[in-house]
Number of protein chains: 2
Amino acid sequence: MSYVDLGYKPEETDLICEFSIEPGKGLGVKDVADKVAAESSTGTWVDVTTTKPYVKGLGARVFYIKGKTVKIAYPLDLFELRNVPQILSSVAGNIFGMKAVRNLRLEDIDFPERVIRSFRGPRFGIKGVRKLFGVERPLLGTIIKPKIGLRTEDHTRVAYDAWTGGCDIVKDDENLSNQGFNPFRRRVVRTLEMRNKAGKETGEVKAYMPNITAETREMLRRAEFVKRQGGKYIMVDVMTVGWSALQTLRDEVLGLIIHAHRAMHAAITRNKKHGISMLVVAKLARLIGVDQLHIGTIIGKMEGKRSEVTDIEDEIEERIIKPDIKNHVLAEDWFSIKPVFAVCSGGLAPKHVPRLVKMLGKDIIIQMGGGIHGNPKGSLEGARVARKMVDSL
Amino acid sequence: MSYVDLGYKPEETDLICEFSIEPGKGLGVKDVADKVAAESSTGTWVDVTTTKPYVKGLGARVFYIKGKTVKIAYPLDLFELRNVPQILSSVAGNIFGMKAVRNLRLEDIDFPERVIRSFRGPRFGIKGVRKLFGVERPLLGTIIKPKIGLRTEDHTRVAYDAWTGGCDIVKDDENLSNQGFNPFRRRVVRTLEMRNKAGKETGEVKAYMPNITAETREMLRRAEFVKRQGGKYIMVDVMTVGWSALQTLRDEVLGLIIHAHRAMHAAITRNKKHGISMLVVAKLARLIGVDQLHIGTIIGKMEGKRSEVTDIEDEIEERIIKPDIKNHVLAEDWFSIKPVFAVCSGGLAPKHVPRLVKMLGKDIIIQMGGGIHGNPKGSLEGARVARKMVDSL
């Protein structure tokens, strides 16, 4: 049985994947596309005697091949709704390890309506976050630096300086969780005290995003603690924590905005020939329902070219996504799933603000760590300079 | 401040990482190693005013550079014990996305004793699994094929044939979870009935590994259901589910053997220049405590060369791991963490058994899907042929 059917017109209920394929030795793109569609639906490396006529309807169909670009349509019945790991194990599972492929990249997934509607998406999203702060400009955040090592008292002092200088948000770094030099609970209590103080003094809403990254139950306990202490936010390293725990957080942590850091994503997303695109990662994060997501900076210390970053921003902020063949973007309709607030972070300085906003619009959270705490006059002054740039837009 | 200190002799308490580095344009390996060590410990892209003298002791140290191979020692205090996501966010986080690197691969992590001892490791491991079956030969498993699409009654019939033909274990495939054509609970109930029947008829111990892959709470509910129905095993797609939820499973699912499928691993492990090695993935799985783990086949449909697969097997089955510079293996002492049973799966046929056992020893679980159900005489005969090969060793 062949899984290639170039005359096939996908049904509205199909899930569609776009892959870039570099075939293994002696094989063509079509051969490999056939094997990929088989392995990710009903096939294996040989015909089996155990198949039934009714199974054929569940086969994936390769319906588009152009150069290395291949599109495959998967019948909806292959998937369990509200189950990101199952969807990934299907369309992004064994296929990456097949000898038949030399390189394989999952570029995008177009989810049908029933899959989209089976997820909750963000509870707050852009509007909910803006409601907390009551401003329409880009939000200004900082990451406490040095990224790890400060004791709690020093950590909170840096936070206080950043807030009073003009930052809206103070955030832990991705590798700070609950270490001896700065234990989680103590840090949350003290930093939120400083948040309250800075809020009163400036007359502005200030927020703290403590990093709760850990095993699922422990994360839930930490989130609960943050809530009891009057926190409004949690942050979590979504890639290292994983999809199952992220969904548990979204389902069970009520009333806290979820900030998603993407540490480790580039291990899987960076190679343009092999792996999974950041676009797919971002879509899964929106489906499950993070409220804020790191998308790149274009101009900072992290890689990510302009069209890539703007495509990711559009994908998480718009309702209707138009296909873009050149940039490997499939169509999508997000229906009632709310937009996610895009976060730009990594090597940004105040001088970058105008260009950043010109490229990405006002619906971004601009985070600066070194760009604020590297100011020779200190964090207070660094935050003032950064805020002035944001206010001058 | 430089993070390169080639005269540094790592402390016993340090966590050590080996990376392969391909520098970005205009940079040397040493420059990039310095940036990697900074970004994964206390540094960022500029000097900050907020640092304190006591923070310096937490800096990572590049202590070995030879060609593209770099070793970095991280002080233990940087890490939270029993927190795999935090460890990954530290040593395998932002660094993959830095413009300064062209390609970067985390080859191995040598965990110090306190990190090793903070995890539980497998509850059963090789000995526990062998105790269930009461045999010393390689175990024989099958995956129900076609991999997805069979209705429950047909699924159970194939399972029954495989067991009576001689398989010890029957396993769901990685993309089968709880779909309409074969709902989870019904499948578990009926398949376990068949397991009991086949067990009585053959006088052998038979086992079923239902795939519980889902959101954390839902996985726990499914595991609980399996246990109530008399199941001994669960299987889970560890890469798509993620580390936090896996640890929750290990902590809370008492009395069930955990079979770890690695679907999607090759998206991150396959490229030899960029990403994270399967060796690291396997170590994390052992630390957290899966009982069985897919490690590759050498001779099947999935890539993975001989030394790579045998290194992974040694890593999960031995107590003391000797360093092997050529193959990027660091030393390790697993202390009291039990060995994990290695699983070979993917394109295997009965004829492969002798070579497989010659290369990997008897402590393997040999799984054949197409190799059994592709037998022209059917699954019963396919299982008989496979079992005969195993018994003839």
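Of note:
- Considering (1) assigned to a strand (DSSP E or B); (2) open to solvent by less than 10 Å² (accessible area, probe 1.4 Å), the lone condition that B:Arg102 does not fulfil carries the number (2).
Condition check ((1) touching an Asp or Glu at 6+ places or on another chain (Cβ under 7 Å); (2) of a type in the set (Val, Ile, Thr)) across all residues:
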site: A:Thr269; (1), (2): no, yes
site: A:Thr297; (1), (2): no, yes
site: A:Ile321; (1), (2): yes, yes
site: A:Met368; (1), (2): no, no
site: A:Ile372; (1), (2): no, yes
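- Annotation: of all residues in the stretch A:58-78 being small (Gly, Ala, Ser) and in contact with a helix residue (DSSP H, G or I) (Cβ under 8 Å, 6 or more places away or on another chain), the one that is surrounded by the most Cβ atoms within 10 Å (Cβ to Cβ) is A:Ala60.
- Checking the stated criteria, A:Lys127 turns out to be surrounded by fewer than 24 Cβ atoms within 10 Å (Cβ to Cβ) and closer than 30 Å to A:Ala349 by Cβ.
- Of the numbered criteria (1) under 30 Å from B:Pro146 (Cα atoms); (2) surrounded by fewer than 22 Cβ atoms within 10 Å (Cβ to Cβ); (3) under 21 Å from the mean Cα position of the chain (by Cα), the one A:Asp108 fails is (2).
- Residues of the stretch A:279-304 satisfying the condition of being of a type outside the set (Val, Ile, Thr), farther than 23 Å from A:Gly370 by Cβ and either within 11 Å of chain B (Cβ to nearest Cβ) or part of a loop (DSSP other than H, G, I, E, B) (or both): A:Leu284, A:Gly289, A:Asp291
- In the set B:Arg120, B:Arg114, only one residue is within 14 Å of chain A (Cβ to nearest Cβ), open to solvent by 40 Å² or more (accessible area, probe 1.4 Å), in a loop (DSSP other than H, G, I, E, B) and at pLDDT 95 or above; that residue is B:Arg120.
- Checked across the stretch B:314-331, the condition of being buried (at least 20 other Cβ atoms within 10 Å of the Cβ) and assigned to a loop (DSSP other than H, G, I, E, B) holds for at least one residue.
- Scanning the stretch B:9-30 for residues that are hydroxyl-bearing (Ser, Thr, Tyr) and surrounded by fewer than 15 Cβ atoms within 10 Å (Cβ to Cβ) yields one hit, B:Thr13.
- The lone exception for A:Ile268 - which of (1) open to solvent by 10 Å² or more (accessible area, probe 1.4 Å); (2) more than 18 Å from A:Thr240 (Cα to Cα); (3) among the hydrophobic types (A, V, I, L, M, F, W, C); (4) outside any loop (DSSP other than H, G, I, E, B) it fails: (2)
- One residue alone among A:Arg130, A:Arg190 is among the basic types (Lys, Arg), more than 26 Å from the chain's Cα centre (by Cα) and assigned by TED's automatic domain parsing to the domain that holds A:Glu218, and that residue is A:Arg190.
- From B:Lys358, B:Lys351, B:Lys362, residue being open to solvent by 50 Å² or more (accessible area, probe 1.4 Å) and closer than 21 Å to A:Lys99 by Cα: B:Lys351
- Of the residues in the stretch A:36-47, at least one is of a type in the set (Asp, Glu), over 20 Å from B:Asn271 (Cα atoms) and within 7 Å of chain B (Cβ to nearest Cβ).
- Just one of (1) more than 14 Å from chain A (Cβ to nearest Cβ); (2) under 22 Å from B:Phe79 (Cα atoms); (3) not in a loop (DSSP other than H, G, I, E, B) fails for B:Ile109. It is (1).
- Residue match in the stretch B:31-41 (condition: open to solvent by 60 Å² or more (accessible area, probe 1.4 Å), within 29 Å of A:Ala214 (Cβ to Cβ) and outside any loop (DSSP other than H, G, I, E, B)): yes
- When the residues of the stretch B:222-255 are filtered to those that are more than 8 Å from chain A (Cβ to nearest Cβ) and in contact with a Gly (Cβ under 7 Å, 6 or more places away or on another chain), the one that is nearest to B:Lys171 (Cα to Cα) is B:Lys227.
- Qualifying residue in the stretch A:51-74 (condition: part of a helix (DSSP H, G or I) and within 7 Å of chain B (Cβ to nearest Cβ)): yes
- So B:Leu81, is it outside the structural domain of B:Leu287 (by TED's automatic domain parsing), of a type in the set (A, V, I, L, M), touching a Pro at 6+ places or on another chain (Cβ under 7 Å) and open to solvent by 10 Å² or more (accessible area, probe 1.4 Å): no
- Any hit, the stretch B:284-295, residues being surrounded by fewer than 23 Cβ atoms within 10 Å (Cβ to Cβ) and of a type in the set (Val, Ile, Thr): no
- Of all the criteria given as (1) open to solvent by less than 10 Å² (accessible area, probe 1.4 Å); (2) out of contact with any Gly (no Cβ under 6 Å at 6 or more places or on another chain); (3) facing another protein chain (nearest Cβ under 8 Å), the one not satisfied by A:Val91 is (3).
The values are calculated or read from the model by the stated rules, or taken from the named source; none is laboratory data. Nothing here was measured: the structure is a model prediction, and the numbers come from that model. Quick reminder, even Gly has a Cβ in these numbers, built from the backbone with ideal geometry, and neighbours come from all protein chains shown. Protein only, heavy atoms only, side chains kept; ligands, DNA and RNA dropped before computing areas. Shrake-Rupley method; radii C 1.70, N 1.55, O 1.52, S 1.80 Å.
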